[in-house]
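A.B. asks: First, the structure itself, so that you have it in front of you.
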Amino acid sequence: MTDTAIRPRRSALYMPASNPKAVEKARTLDADVIILDLEDAVAPEMKPAAREAAVAAVKAGGFGAREVVIRVNGIDTPWGTEDLRAAAEAGPDAVLVPKVNDAADVRLYDQHLNAAPPATRLWTMIETAKAAFHLWDIAGAMHGTRLSTWVMGVNDFAKEMRARQTPDRAPFLPLLTLSVAAARAHGLTILDGVHNDIEDLAALEAVCLQGVDFGFDGKTLIHPKHLEICNRVFSPSQDDIAWSQAVIAAFNAPENAGKGALRVDGKMAERLHLTQAQRLVAVAQAIAGRGADAEMGR
């Protein structure tokens, strides 16, 4: 099951569902996605209360154009089954599940969302060493399930691999590349993992630029301070928009009907570039529309 409409997912901000002030603040932040977290950000003794708070927040609404996602605890934990039941009943835009190892896990989680509204999607964390060897099958499980989006969990990969998290993320480059390739092959959205250093904004910008180079749609974040950089870097640049519009106009010109390649502003443009240009312009329009909705208070 894929999303038919293009929605900006440049920034996906984790907010602990156990913190009422954080949830209320989320309604005002310039994030494309708000992830109400029941897992890593919530202490064990707070998890039942966080679950109730997340459900109440989704039902109350007020998030405007932002997508609202509930991240549940794993089904193998004491809280997972009840989290899934409650999330399905609440009907957020998506339910994010952790530590998916293979396609069977996707189908199992999907079954637990049978009671959710049809529009509710399944997002999965890609964060285990086992998952690294089942990427193709996990992505393929989208056919016949609600799966639409992957979220990279580099911190958990580092833990399992005993790898160092270097500024260039060198230990994880093959994994990130293969994850994007598998997601794209099956039409999934894919979001990069979080940046742990809250104060090092220069490093954040560098890793956001790296994420764009990889082909990620956006990035998950742990602090509102990171939103401006993330949104800016993952937005199409004005130069890219202008080039894309020129490519579209060139291929739409009557004299170019049926041509497979054209010269546009001194560059070669083929039909594959037309497809890319159309999507980039659609993304830019969706971002502009989201901004207009925010200004109108919707």
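The values are calculated or read from the model by the stated rules, or taken from the named source; none is laboratory data. Values in this document were obtained by computation on a predicted structure and should not be read as measured data. Cβ: placed from backbone, ideal geometry, glycine included. Neighbour counts: every protein chain shown. Protein only, heavy atoms only, side chains kept; ligands, DNA and RNA dropped before computing areas. Shrake-Rupley method; radii C 1.70, N 1.55, O 1.52, S 1.80 Å.
A.B. asks: Taking the residues in the range 31-43 that are of a type in the set (A, V, I, L, M) and in a loop (DSSP other than H, G, I, E, B) as candidates, determine which candidate is farthest from PRO224 (Cα to Cα).
C.D. replies: Out of the qualifying residues, it is ALA43.
A.B. asks: What residue, among those in the range 69-82 that are under 15 Å from ALA50 (Cα atoms) and among the hydrophobic types (A, V, I, L, M, F, W, C), is most open to solvent (accessible area, probe 1.4 Å)?
C.D. replies: Step by step, filter the range 69-82, then rank; the result is TRP79.
A.B. asks: Moving to a separate point now. For the range 119-142, give me the residue count where each residue is open to solvent by 50 Å² or more (accessible area, probe 1.4 Å) and either in contact (Cβ under 8 Å) with a residue 40 or more places away in the chain or over 19 Å from the mean Cα position of the chain (by Cα) (or both). Give the derivation first.
C.D. replies: In the first step, residues of the range 119-142 are kept if they are open to solvent by 50 Å² or more (accessible area, probe 1.4 Å); the result is 119, 130, 133-134, 136-137.
Applying the additional criterion that residues be either in contact (Cβ under 8 Å) with a residue 40 or more places away in the chain or over 19 Å from the mean Cα position of the chain (by Cα) (or both) yields 130, 133-134, 136-137.
Summing the residues that are open to solvent by 50 Å² or more (accessible area, probe 1.4 Å) and either in contact (Cβ under 8 Å) with a residue 40 or more places away in the chain or over 19 Å from the mean Cα position of the chain (by Cα) (or both) in the range 119-142 gives 5.
A.B. asks: Return the total of residues in the range 256-281 being assigned to a loop (DSSP other than H, G, I, E, B) and more than 20 Å from GLN238 (Cα to Cα). Show your work before the answer.
C.D. replies: Taking the range 256-281 and keeping what is assigned to a loop (DSSP other than H, G, I, E, B), we get 257-260, 265-266.
This time we only want the ones that are more than 20 Å from GLN238 (Cα to Cα), so: 257-260.
Within the range 256-281, residues that are assigned to a loop (DSSP other than H, G, I, E, B) and more than 20 Å from GLN238 (Cα to Cα) number 4.
A.B. asks: Taking the range 83-109 as the region of interest, how many residues are in contact (Cβ under 8 Å) with a residue 12 or more places away in the chain, surrounded by fewer than 21 Cβ atoms within 10 Å (Cβ to Cβ) and assigned to a helix (DSSP H, G or I)?
C.D. replies: Number of matching residues: 7.
A.B. asks: Would you point out the residue of the range 53-88, among those that are touching a helix residue (DSSP H, G or I) at 6+ places or on another chain (Cβ under 8 Å) and among the charged types (D, E, K, R), that is nearest to ARG10 (Cα to Cα)?
C.D. replies: Let us first name the residues in the range 53-88 that are touching a helix residue (DSSP H, G or I) at 6+ places or on another chain (Cβ under 8 Å), namely 53-55, 57-59, 63-66, 68, 70, 72-75, 79, 82-84, 86-87.
Then drop every residue that is not among the charged types (D, E, K, R), which leaves 59, 66, 82-83.
Working: LYS59: 24, ARG66: 11, GLU82: 30, ASP83: 26 Å.
Residue satisfying both the conditions and the ranking: ARG66.
A.B. asks: For residues that are over 12 Å from ALA87 (Cβ atoms) and more than 18 Å from the chain's Cα centre (by Cα), tally how many sit in the range 52-66. Explain how you work it out, then say what you get.
C.D. replies: Taking the range 52-66 as the starting set, the residues that turn out to be over 12 Å from ALA87 (Cβ atoms) are 53, 56, 60-66.
Filter again for more than 18 Å from the chain's Cα centre (by Cα), leaving 53, 56, 60-62.
Adding up the residues that qualify gives 5.
A.B. asks: Is it the case, given these coordinates, that ASN252 is farther than 30 Å from ALA31 by Cα, at pLDDT 90 or above and out of contact with any Gly (no Cβ under 9 Å at 6 or more places or on another chain)? Quick ask: steps written out before the conclusion?
C.D. replies: Details: farther than 30 Å from ALA31 by Cα: yes; at pLDDT 90 or above: yes; out of contact with any Gly (no Cβ under 9 Å at 6 or more places or on another chain): yes.
Criteria met by ASN252.
A.B. asks: Tell me, which residue of the range 231-245 that is part of a helix (DSSP H, G or I) and open to solvent by 30 Å² or more (accessible area, probe 1.4 Å) is nearest to VAL281 (Cα to Cα)?
C.D. replies: Within the range 231-245, the subset part of a helix (DSSP H, G or I) is 231-233, 238-245.
Retained after the next criterion (residues that are open to solvent by 30 Å² or more (accessible area, probe 1.4 Å)): 232, 238-240, 242-243, 245.
Values: ARG232: 16, GLN238: 10, ASP239: 12, ASP240: 9, ALA242: 9, TRP243: 10, GLN245: 7 Å.
Only one residue fits best here, namely GLN245.
A.B. asks: Looking only at the range 75-94, count how many residues are under 24 Å from GLU160 (Cα atoms) and either in contact with a Phe, Trp or Tyr (Cβ under 6 Å, 6 or more places away or on another chain) or not polar (S, T, N, Q) (or both). Reasoning before the result, please.
C.D. replies: In the first step, residues of the range 75-94 are kept if they are under 24 Å from GLU160 (Cα atoms); the result is 75-80.
Cutting the leftovers down to either in contact with a Phe, Trp or Tyr (Cβ under 6 Å, 6 or more places away or on another chain) or not polar (S, T, N, Q) (or both) gives us 75-76, 78-80.
The number of residues fulfilling the criteria is 5.
A.B. asks: Can we say THR28 is in a helix (DSSP H, G or I), surrounded by fewer than 17 Cβ atoms within 10 Å (Cβ to Cβ), polar (S, T, N, Q) and free of Cβ contacts under 8 Å to residues at least 40 places away in the same chain? Break it down into steps so the answer makes sense when it comes.
C.D. replies: Numbers: in a helix (DSSP H, G or I): no; surrounded by fewer than 17 Cβ atoms within 10 Å (Cβ to Cβ): yes; polar (S, T, N, Q): yes; free of Cβ contacts under 8 Å to residues at least 40 places away in the same chain: yes.
No, not satisfied.
A.B. asks: Determine the pairs where a residue that is within 25 Å of VAL69 (Cα to Cα) and part of a loop (DSSP other than H, G, I, E, B), located within the range 149-175, has a partner that is at pLDDT 95 or above and open to solvent by less than 20 Å² (accessible area, probe 1.4 Å) with Cβ atoms under 7 Å apart, the partner being 6 or more residues away or on another chain.
C.D. replies: Close Cβ pairs (under 7 Å, with a partner that is at pLDDT 95 or above and open to solvent by less than 20 Å² (accessible area, probe 1.4 Å)) amount to GLY153/MET125; GLY153/ILE126; GLY153/GLU127; GLY153/GLY193.
Yes/no per residue for (1) surrounded by 14 or more Cβ atoms within 10 Å (Cβ to Cβ); (2) modelled with pLDDT of 95 or more; (3) under 24 Å from HIS223 (Cβ atoms); (4) touching a Lys or Arg at 6+ places or on another chain (Cβ under 7 Å):
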{"site": "ARG146", "(1), (2), (3), (4)": "yes, yes, no, yes"}
{"site": "ALA170", "(1), (2), (3), (4)": "no, yes, no, no"}
{"site": "LEU173", "(1), (2), (3), (4)": "no, yes, no, no"}
{"site": "VAL180", "(1), (2), (3), (4)": "yes, yes, no, no"}
{"site": "VAL194", "(1), (2), (3), (4)": "yes, yes, yes, no"}
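A.B. asks: Of the residues ALA202, ALA206, only one is part of a helix (DSSP H, G or I), under 30 Å from ALA139 (Cα atoms), at pLDDT 95 or above and among the small types (Gly, Ala, Ser); which?
C.D. replies: On the way: ALA202 fails: under 30 Å from ALA139 (Cα atoms).
The match here is ALA206.
A.B. asks: Do you know which of the residues in the range 282-298 that are part of a helix (DSSP H, G or I) and open to solvent by 100 Å² or more (accessible area, probe 1.4 Å) is modelled with the highest pLDDT?
C.D. replies: Of the range 282-298, the ones part of a helix (DSSP H, G or I) are 282-295.
From the residues that got through so far, the ones that are open to solvent by 100 Å² or more (accessible area, probe 1.4 Å) too are 285, 295.
Working: GLN285: 91, GLU295: 46.
Going through the qualifying residues, I end up with GLN285.
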